[in-house]
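The values are calculated or read from the model by the stated rules, or taken from the named source; none is laboratory data. Owing to the predicted nature of the structure, the values given are computational and were not obtained by experimental measurement. Note: ideal-geometry Cβ built from the backbone for every residue, glycine included; neighbour counts use all protein chains shown. Accessible surface is based on the protein model in full, side chains and every heavy atom, while ligands, DNA and RNA are left aside. Shrake-Rupley method; radii C 1.70, N 1.55, O 1.52, S 1.80 Å.
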Amino acid sequence: MSQGPRSGLAAVSTALLAMSRHLEVRDVLKTIVASARELLDAQYAALGVPDDHGGFAQFVVDGVSDAQWKAIGPLPRQHGILAAMLREAKVERLADVRTDPRFEGWPSAHPDMSDFLGLPIRDGDEVIGALFLANKNCEKPEGGCGFTAEDEELLSILAQHAAIALTNARLYERSRELTISEERSRLAHELHDAVSQKLFSLRLTAQAAAALVDRDPSRAKGELQQVAVLAAEAADELRAAVVELRPTALDEDGLIATLRTQVQVLDRAHTARVTFAASGFRALPAAQEEALLRVAQEALHNALRHSAAEHVDVTVNRRGGGAVLRVTDDGCGFDPHLTRRAGRHLGLVSMRDRADGVGGTLTVESAPGKGTTIEMEVPGG
């Protein structure tokens, strides 16, 4: 094995465990690169995921400062040694990358590199990335490469597991895209139904007002006032649906900030008073936070569209190592025992599925005329 400070089986195990903890592609790439650089004690490491246009869809580096990376300029193209690794799918171990006939130079702000170890990341016969390291921190043999055959073997093991981690992350992101697409389709359908009903009523009322203008001006005035009310309600429906159709800021802002923003917008868009409070919440795994957000959105939708509530309260609190979400309204309520009818109508089945999917529980408390409370608890990650 190499003589780096993190060599050996324990270091490999640490690197593999670090990769398996992440589901986002960008996080997986960063972890692979950082693990490889530390494991082989190199000054620089990078990983490029090729696109279909001669460039890289993603390119992650470690050992280069943000300021230096910005000064280097645009992402590299698939040329020189990088192109050879991707095209020929073979390991490259060089004493000095600058003297290789395939070397085509680099931008002026690029760090100077000498000894080089690179290899493709493969998923079956497909090359899905190129991983390389440069400038091993060791005494170089005269005219030789600091990276050894043992380093090459170690990096190959890491690359094999990196391929698995990267493939899993891609599948996870694709699954999330499908979920978001399904959610948007559902909301678009709701938008169509809600606004169509309002506009249909508005058209009928306007026609009635037109018919009454000459023979009963007083009634016509009343109908025109109703037209104004229906138009305002249609605008509210549009505004609320458009907000819900926007991508959530969950990844960037976290669950609490995302929920608070959505509640504030819904409070402005609806006549009901909608409030939010949180206490002691600690960040949870992405899947759990997404499930809590989706259940909160479904429960808010039910309360604002179906319950005729005047007040809707949303709270998120810490409970043990996990969290509990509670959405309470003072609306018309329903009989939760009529699960076949009410469950489908109010999305209770999908909410329970979301809770079950992350190891949580969902409880529903309601009665006709007594309002509704939806509570979802998830364990800590």
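Annotations
- Positions within the stretch 258-287 being touching a Leu at 6+ places or on another chain (Cβ under 9 Å) and open to solvent by less than 30 Å² (accessible area, probe 1.4 Å), in sequence order: THR258, LEU259, VAL263, LEU266, ALA269, ALA272, VAL274, LEU284
- Tabulated pairs, the stretch 70-92, first closer than 21 Å to ALA149 by Cα and at pLDDT 85 or above, second acidic (Asp, Glu) and in a loop (DSSP other than H, G, I, E, B), C-beta under 8 angstrom, 6+ apart or interchain: ILE81/ASP100
- For the stretch 338-357, the candidate set comprises residues that are closer than 16 Å to LEU293 by Cα and open to solvent by less than 30 Å² (accessible area, probe 1.4 Å); within that set, the residue that is modelled with the lowest pLDDT is GLY347.
- Looking only at the stretch 186-205, and only at residues there that are open to solvent by 70 Å² or more (accessible area, probe 1.4 Å) and at pLDDT below 75, the one that is nearest to ALA286 (Cα to Cα): HIS189
- When PHE132 is tested against (1) under 17 Å from VAL61 (Cβ atoms); (2) among the hydrophobic types (A, V, I, L, M, F, W, C); (3) assigned to a loop (DSSP other than H, G, I, E, B); (4) at pLDDT 90 or above, exactly one condition is not met: (3).
- Number of the exception - PRO101 against (1) more than 34 Å from the chain's Cα centre (by Cα); (2) over 24 Å from LEU155 (Cβ atoms); (3) of a type outside the set (Gly, Ala, Ser): (2)
Rundown of residues vs (1) small (Gly, Ala, Ser); (2) closer than 17 Å to GLY129 by Cβ, yes/no style:
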position: ALA46; (1), (2): yes, yes
position: VAL49; (1), (2): no, yes
position: PHE56; (1), (2): no, yes
position: ASP66; (1), (2): no, no
position: TRP69; (1), (2): no, no
position: PRO76; (1), (2): no, yes
position: ILE81; (1), (2): no, yes
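- Number of positions in the stretch 261-292 that are among the small types (Gly, Ala, Ser) and under 15 Å from ALA303 (Cα atoms): 2
- The residues of the stretch 27-56 that are among the acidic types (Asp, Glu) and either surrounded by fewer than 18 Cβ atoms within 10 Å (Cβ to Cβ) or modelled with pLDDT of 90 or more (or both), listed by number, are ASP27, ASP41, ASP51, ASP52.
- Selection status of ALA83, aliphatic (A, V, I, L, M), open to solvent by 60 Å² or more (accessible area, probe 1.4 Å), within 21 Å of LEU166 (Cα to Cα) and not in a loop (DSSP other than H, G, I, E, B): no
- Residue, farthest from the chain's Cα centre (by Cα), within the stretch 304-321, restricted to residues that are modelled with pLDDT of 90 or more and open to solvent by less than 20 Å² (accessible area, probe 1.4 Å): ALA309
- Number of residues in the stretch 206-230 that are surrounded by 15 or more Cβ atoms within 10 Å (Cβ to Cβ) and under 19 Å from THR271 (Cβ atoms): the value is 3.
- Scanning the stretch 249-276 for residues that are acidic (Asp, Glu), farther than 18 Å from ASP330 by Cα and out of contact with any Asp or Glu (no Cβ under 9 Å at 6 or more places or on another chain) yields a count of 2.
- Taking every residue in the stretch 218-229 that is over 11 Å from THR205 (Cβ atoms) and pairing it with any residue that is open to solvent by less than 90 Å² (accessible area, probe 1.4 Å), at least 6 positions away or on another chain, the pairs with Cβ-Cβ distances below 9 Å are SER218/LEU212; ARG219/ALA208; ARG219/ALA209; ARG219/LEU212; LYS221/ALA209; LYS221/LEU212.
- Any hit, the stretch 147-165, residues being within 16 Å of ALA46 (Cβ to Cβ), out of contact with any Cys (no Cβ under 7 Å at 6 or more places or on another chain) and part of a loop (DSSP other than H, G, I, E, B): yes
- Within the stretch 93-112, not a single residue is assigned to a loop (DSSP other than H, G, I, E, B), free of Cβ contacts under 8 Å to residues at least 40 places away in the same chain, among the acidic types (Asp, Glu) and open to solvent by less than 20 Å² (accessible area, probe 1.4 Å).
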